[in-house]
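These notes are about the structure you will find just below.
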Amino acid sequence: MKTKLVLFDIDQTILHSGGAGEKALTLALRDRFGREETLENIEIAGKTDKWIAHRIFESHGIDPTPDNVEHFLDGYLGYLKSELGRNNGRLLPGFPEILHALAALPNVAVGLLTGNLRRGAEIKLGHYGVLDHFSFGAFADDSHERNQLGPFAQKRAGEAHGTEFQPGNIFIIGDTPHDIACAKAIHARSVGVATGRYSRAALEAAGADFVFDDLADTQGVIRILGLAG
C-alpha cells in the first residue's frame with residue numbers, strides 16, 4: 001500500500017535545461033507574433049507556462065485569447081525539443097539516483113507538480129532519460145496558477161494507486177518559494193532545494209519544512225524526510 005506521495009518540480013529541481021526553455025519561448029514569440037523578447041522582466045522561476053505566456057502577451061500588448069495562447073505555446077513546444085539538443089543542460093545532483101531509490105520503497109508513490117505543460121514536461125524529462133519514473137502529475141494544462149495544481153496531483157495519485165494520500169504524507173519538492181506556497185495550499189510538507197536561483201536562506205524564509213542544498217545525498221534525504229518508514 002502506498003501511503004506517502006512525493007511530487008517533484010522539474011526545472012532547477014530535477015534538471016537544468018541550459019536555457020532551452022527560455023530560448024524556445026523567445027523563438028515562439030518571434031515566429032508566431034513577430035515580437036522580440038529577452039524575458040529579463042518576466043518572472044519565470046516557479047511560474048506556470050500559461051502564466052508566463054500571459055505576462056509576455058501583457059508586455060507586448062498581445063490579446064491573451066485562448067487561441068493566441070495556444071498558438072504561442074504550440075510554437076514553444078515545437079522549439080523546445082530542438083533547443084534542448086543545442087544547450088548544455090544536465091540532470092542536477094541526486095538524479096536519477098533518488099528516483100531509483102524512491103521506486104524501491106513500497107510505501108512511496110512518485111509524481112510531478114510542475115509549471116510545465118504536460119507535453120513540455122514529457123519533452124524535458126524524456127530528453128534527460130527520466131520520464132519513465134513519472135506516470136502522473138499536475139501541469140500548467142490544469143491551471144495557470146501554481147497554487148491550484150496540488151489538488152490535481154493529489155487526485156491523480158489517488159486514482160493511480162487506489163488510495164487517498166493524506167496531506168501530512170505528501171511532500172512537494174521544488175527550488176522556489178512558489179513551490180513552498182503550493183505545498184502549503186494543500187497542507188502538504190514543503191521541501192526546498194537550493195539548486196535554482198533561490199538560496200537556502202530564502203527557502204527557509206519562505207517557510208519550507210525541509211531545505212537541502214541539493215539531493216545528492218539520496219539516502220540522507222530519504223531518512224530526513226522519513227520516507228522509508
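Structural remarks
- The range 20-86: radius of gyration and largest Cα-Cα distance (Dmax), Å: 10.9, 32
- Euclidean distance of C-alpha centroids, the range 1-30 and the range 49-65, integer Å: 20 Å
- Set of lysines with alpha-carbon distance to Lys47 below 26 Å, sequence-local pairs under 8 removed: Lys4, Lys23, Lys81, Lys124, Lys155, Lys184
- Percentage relative contact order, the chain, counting C-alpha pairs under 8 Å, at least six apart: 26 percent
- Secondary structure note: in the chain, about 10% of the DSSP beta bridges are antiparallel.
- Taking Ile52, Ile14, Ile180 and counting other C-beta atoms within 10 Å, the order from fewest to most: Ile52, Ile180, Ile14
- Taking the Cα centre of the range 20-86 as reference, the dipole from Cβ charges on Lys and Arg (+1) and Asp and Glu (-1) amounts to some 200 debye.
- For the chain, the longest piece that avoids every one of the GluC sites (Glu not before Pro) found in DSSP loops with at most 16 other C-beta atoms within 10 Å covers 44-144.
- Placing a label point 7 Å from the Cα of Arg86 along the Cα-to-Cβ direction, the residues of the range 8-23 whose backbone N falls under 11 Å of that point are 20, 23.
- Label-to-label distance, nm, for residues given as Thr163 and Ala104 (7 Å Cα→Cβ offset): 2.0 nm
- Distance between the range 128-171 and the range 83-122 - C-alpha centres, whole angstrom: 13 Å
- Helix 49-60 axis versus longest C-alpha principal axis of the chain: approximately 30°, rounded to the nearest ten.
Laboratory data are not the source of any read-out in this text; all were calculated from the coordinates shown. Here the structure is a predicted model, which is why all the values come from computation and not from measurement. Cβ: placed from backbone, ideal geometry, glycine included. Neighbour counts: every protein chain shown.
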